[in-house]
Amino acid sequence: MQTPAQIREQLSLATGRAQSGLAETEAWLVSATARELLRIDHYARQARYPVPVLGRAKDWKLKNATPVVAALASMHPDGRLREQAVRVLCASVGAVSDRALAVRVTDHVEVVRELAEQEVLRRTTVARAERIVPLLQRISQRWRGSQVLGRYLRVLVAAQGEESVWACLRSSGDFDVRRTAFRHSFENGLLGLPDAVGLLPRERDQVVRRKLIQVIADSGTPEVVAGSLLRGRSAESRVLGLVKLTAAQLDSVDVEQLLVDRSVLVRLWARLRWQEMGRDPVEVYAAIARSAARSAVRARAYAGLAETGTELDRAEIAEVARSADVALKKIGLSLLRGKAVAAEVPWLLREMGGGEPTVARLAGDVLGSSPQLWSLADLAVLKDSPDPVIRRRGWWLHRSLGGWEAVIADLEFGAAWDRQVLPMYFRPTAAQQQRIAGLLDTLSLDRGPVSEIAFAAGLPR
């Protein structure tokens, strides 16, 4: 989306080309989304400059003007010029005139507004509706012109038929129009359960997909719900399928697969239904975790064991955390939090210096949860790295100690002090004071932060 400055620059360039009606100006106005076109109109009509961005009104000559020139003139701050431009647009055809007239139905000048609305209500072909409705949809949220969308749709349906109109709007490239069209179609019986079942696998828009899922869940038989929702691509559909179907209506094979679903919420509902079937999810998780299944499935089984509160042997967790597979390594590190031993510190620091960001973060979480296992000297392998990303990981781990160590970490890293909060109610140790004093002497900080830190740390002035 263009910034206000970019829009003004483009309008200034377009004004220079106005009389020649250059194709690039037309392409810009036609390709802009409904929201962008309304923003363009807003910034074009701003009159807070000595000379409007579209120039002086007296310099515009609209006799025999092209639709592009008239469209630009219809966005000028001068109301008389906008009225002349709208009259020119009413006598022209094409995408530019359709869209420019739709914008003017929200004009603050009544004459301009009425002229534009009268002409828009006459443009009722499907092709014109595709260009006009997205703008009217956004204008309907405003005070001026809010009623035009309803009037236009009634006229359009009378001319083209309800089914063809809403089928066209359901294929609109504008998200708002498309979502409204689907909602209207289901609420008014233009689409039904078979349509929802057929459309769901291919739908990419989350809002429309949610509507399709809701229709299937509310109207479908248990067989339809199981086939469409439990095996759907979205976690939302799988969760709703488990919520809608009782344990007696569910196939144990489906539920067993969902026990190791990617979604935490799906796994939770699958465990609930599995228990209602009289079975133990822990047995399934344990069997899958220690099987030859795909590593991602095994990792989700280990996650399921953790979610059920099952205590795993520390040796098994450590083995999983050292796995060469990233998925298993991640779940192993997350389970190792609070259970690491001192011998694992060098390995965890190596993981923090690795190239996989999530693995590095999880290894840092393990070390941060057991600060008694390592010393600040151990962090040199990270802090002295030539890679700034790895150095930042060392700073983060040092800072996780909190208190005055967080202040020392910030000073070492050169962090800004405009929003820092110094520890209160306790002084740093002698070693910490010495380290802070050395850092304050070597760093080029403003006098204010230096005085603040020295006073809080109890350093001599």
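Structural remarks
- Selection status of Ser323, among the hydroxyl-bearing types (Ser, Thr, Tyr) and open to solvent by 40 Å² or more (accessible area, probe 1.4 Å): no
- For Ala100: the one exception among (1) part of a loop (DSSP other than H, G, I, E, B); (2) open to solvent by less than 30 Å² (accessible area, probe 1.4 Å); (3) small (Gly, Ala, Ser): (1)
- Any chance Arg391 is assigned to a helix (DSSP H, G or I), among the basic types (Lys, Arg) and either more than 17 Å from Gly458 (Cα to Cα) or free of Cβ contacts under 8 Å to residues at least 12 places away in the same chain (or both): yes
- Among all residues of the stretch 40-49, there is none that is assigned to a helix (DSSP H, G or I) and either farther than 30 Å from Phe175 by Cβ or over 38 Å from the mean Cα position of the chain (by Cα) (or both).
- Residue within the stretch 57-71 that is more than 20 Å from Ser97 (Cβ to Cβ), open to solvent by 30 Å² or more (accessible area, probe 1.4 Å) and free of Cβ contacts under 8 Å to residues at least 12 places away in the same chain present: yes
- Residues that are in contact (Cβ under 8 Å) with a residue 40 or more places away in the chain and either of a type in the set (Val, Ile, Thr) or outside any helix (DSSP H, G or I) (or both), drawn from the stretch 339-365: Gly353
So that you can scan it fast, the table gives a plain yes or no per residue for (1) under 21 Å from Val133 (Cβ atoms); (2) more than 31 Å from the chain's Cα centre (by Cα):
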site	(1), (2)
Gln2	no, no
Arg8	no, no
Ser31	yes, no
Leu38	yes, no
Arg56	no, yes
Leu62	no, yes
Ser92	yes, yes
Asp107	yes, yes
Arg113	yes, yes
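- Unique match (being open to solvent by 30 Å² or more (accessible area, probe 1.4 Å) and closer than 28 Å to Val320 by Cα) among Pro386, Pro357, Pro460, Pro449: Pro357
- Test set (1) open to solvent by less than 100 Å² (accessible area, probe 1.4 Å); (2) part of a loop (DSSP other than H, G, I, E, B); (3) without any contact (Cβ under 8 Å) to a residue 12 or more places away in the chain - Ala431 fails condition number: (2)
- Of Val320, Val243, Val255, all but one fail to be free of Cβ contacts under 8 Å to residues at least 40 places away in the same chain, of a type in the set (A, V, I, L, M, F, W, C), touching a Lys or Arg at 6+ places or on another chain (Cβ under 7 Å) and not in a loop (DSSP other than H, G, I, E, B); the exception is Val255.
- Residues in the stretch 104-157 that are open to solvent by 60 Å² or more (accessible area, probe 1.4 Å) and either acidic (Asp, Glu) or not in a helix (DSSP H, G or I) (or both): His108, Glu110, Glu114, Arg122, Thr125, Glu130, Gln141, Arg142, Trp143, Arg144, Gln147.
- Of all residue pairs spaced 6 or more apart or on separate chains, those with beta-carbon atoms under 8 Å, a first member in the stretch 276-300 that is closer than 18 Å to Ala324 by Cβ and a second member that is small (Gly, Ala, Ser) and assigned to a loop (DSSP other than H, G, I, E, B) are Ser295/Ser323; Arg298/Ser291.
- Of all residues in the stretch 434-447, those satisfying the criterion of being assigned to a helix (DSSP H, G or I) and not hydrophobic (A, V, I, L, M, F, W, C) are Gln434, Arg435, Gly438, Asp441, Thr442, Arg447.
The values are calculated or read from the model by the stated rules, or taken from the named source; none is laboratory data. Treat the numbers as computed from the prediction; the structure is a model and nothing was measured. Please note: Cβ atoms are built from the backbone with ideal geometry, for glycine as well, and neighbour counts cover all protein chains shown. Ligands, DNA and RNA are excluded from the accessible area calculation, which covers all protein heavy atoms including side chains. Shrake-Rupley method; radii C 1.70, N 1.55, O 1.52, S 1.80 Å.
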